[in-house]
Amino acid sequence: MSRKVCVLASGGVDSAVLTADFLRRGFVVHPLYVRCGLRWEGDELRRLRRMLKAAAQPRLRPLEVSQAAISGFLGKKHWSLSGKAVPGRSSAASSVFLPGRNLTLLTQAGLYCDARSIPAAAIGILRGNPFPDAQPTFLGSMERAIASAFGRPFKVLAPYRTLSKKEILRRFPMPSWIGLAFSCLAPVRGRPCGRCNKCAEKESVLP
């Protein structure tokens, strides 16, 4: 396989570790952010740009941003658009489900990779992810579909699928810029709200 990989980057801890891990292993990393029309994306993208600037090195390519809105299918009252009834700190992992999220991300990654002759895309799915589009059967189906669509080999990589967030932070060397990681469902003036599911998850592994 070519030593090039597209990393689906959100600016959160998982994709930060994923980016650092592939750089450490000698890959040329092409970060891709997919805008889906969700209310936190502006703040998330600004923080991601800061993180990638701090991580700059020759094998880290410039961030690419693509547009693939799922917001029109959710309804204006959905918490990801309205900011109301956002899943709180003690909510179950299943409460943050966004239908077709990984389907959308991997479709965009397939298009991006084909245009740049990149043979693989990596996504930071962790153990315990309860959603149907995070399961091995789905990931394998997407891998085959993208390869078939473009007539060339393609790999969907989910190297942390059997690990928890705490385990990846223990197992892999952490970059100095991990503190810039950002994941919040209801940011307030660019800062984490401290009250949502994602804030609680991040605080459980990073001080």
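Evaluation of Ala181 against the conditions (1) loosely packed, with under 12 Cβ neighbours inside 10 Å; (2) in contact (Cβ under 8 Å) with a residue 40 or more places away in the chain shows that the sole unmet condition is (1). Looking at Lys165, Lys155, Lys198, which one is modelled with pLDDT of 95 or more and not small (Gly, Ala, Ser)? Matching residue, one of Lys165, Lys155, Lys198: Lys155. Among the residues in the range 32-40, are any within 15 Å of Leu105 (Cα to Cα), touching a helix residue (DSSP H, G or I) at 6+ places or on another chain (Cβ under 8 Å), aliphatic (A, V, I, L, M) and part of a strand (DSSP E or B)? Yes, the range 32-40 has at least one match.
Going by the conditions given, is Arg61 touching a Gly at 6+ places or on another chain (Cβ under 6 Å) and more than 22 Å from Phe97 (Cβ to Cβ)? In short, no. Only one of the numbered conditions (1) surrounded by 16 or more Cβ atoms within 10 Å (Cβ to Cβ); (2) assigned to a loop (DSSP other than H, G, I, E, B); (3) at pLDDT 95 or above is not met by Leu52, and that is (2).
In the set Ala9, Ala85, which member is modelled with pLDDT of 95 or more and either surrounded by fewer than 21 Cβ atoms within 10 Å (Cβ to Cβ) or within 16 Å of the chain's Cα centre (by Cα) (or both)? After applying the criteria, what remains is Ala9.
Of the set (1) farther than 24 Å from Ala186 by Cβ; (2) more than 13 Å from the chain's Cα centre (by Cα); (3) assigned to a helix (DSSP H, G or I), all apply to Val29 but (3). Considering the range 101-112, the residues that are without any contact (Cβ under 8 Å) to a residue 60 or more places away in the chain and over 14 Å from the mean Cα position of the chain (by Cα) include one that is farthest from Asn197 (Cα to Cα), namely Leu111. If the condition is being under 20 Å from Val7 (Cβ atoms) and either part of a loop (DSSP other than H, G, I, E, B) or not β-branched (Val, Ile, Thr) (or both), then the range 93-108 contributes Leu98, Arg101, Asn102, Leu103, Leu105, Leu106, Gln108.
Go over the candidates Ser90, Ser66 one by one and state the one that is part of a loop (DSSP other than H, G, I, E, B), among the polar types (S, T, N, Q), over 18 Å from Phe131 (Cβ atoms) and in contact (Cβ under 8 Å) with a residue 40 or more places away in the chain. If you could, list the steps in order and put the result at the bottom.
Details: Ser66 fails: part of a loop (DSSP other than H, G, I, E, B).
Testing whether each residue is part of a loop (DSSP other than H, G, I, E, B), among the polar types (S, T, N, Q), over 18 Å from Phe131 (Cβ atoms) and in contact (Cβ under 8 Å) with a residue 40 or more places away in the chain leaves just Ser90.
Annotation: of all residues in the range 113-151 being under 15 Å from the mean Cα position of the chain (by Cα) and in a helix (DSSP H, G or I), the one that is modelled with the highest pLDDT is Leu139. Taking the criterion of being over 22 Å from His78 (Cβ atoms), touching a residue at least 40 places away in the same chain (Cβ under 8 Å) and surrounded by fewer than 17 Cβ atoms within 10 Å (Cβ to Cβ), would at least one residue in the range 134-145 satisfy it? Looking through the range 134-145, none of the residues is over 22 Å from His78 (Cβ atoms), touching a residue at least 40 places away in the same chain (Cβ under 8 Å) and surrounded by fewer than 17 Cβ atoms within 10 Å (Cβ to Cβ).
Yes or no: the range 69-76 includes at least one residue that is free of Cβ contacts under 8 Å to residues at least 12 places away in the same chain, farther than 22 Å from Lys165 by Cα and among the charged types (D, E, K, R).
There is at least one residue in the range 69-76 that is free of Cβ contacts under 8 Å to residues at least 12 places away in the same chain, farther than 22 Å from Lys165 by Cα and among the charged types (D, E, K, R).
The values are calculated or read from the model by the stated rules, or taken from the named source; none is laboratory data. For clarity, every value in this text was computed on a predicted model and none was experimentally measured. All Cβ positions, glycine included, derive from the backbone under ideal geometry; neighbour counts span all protein chains shown.
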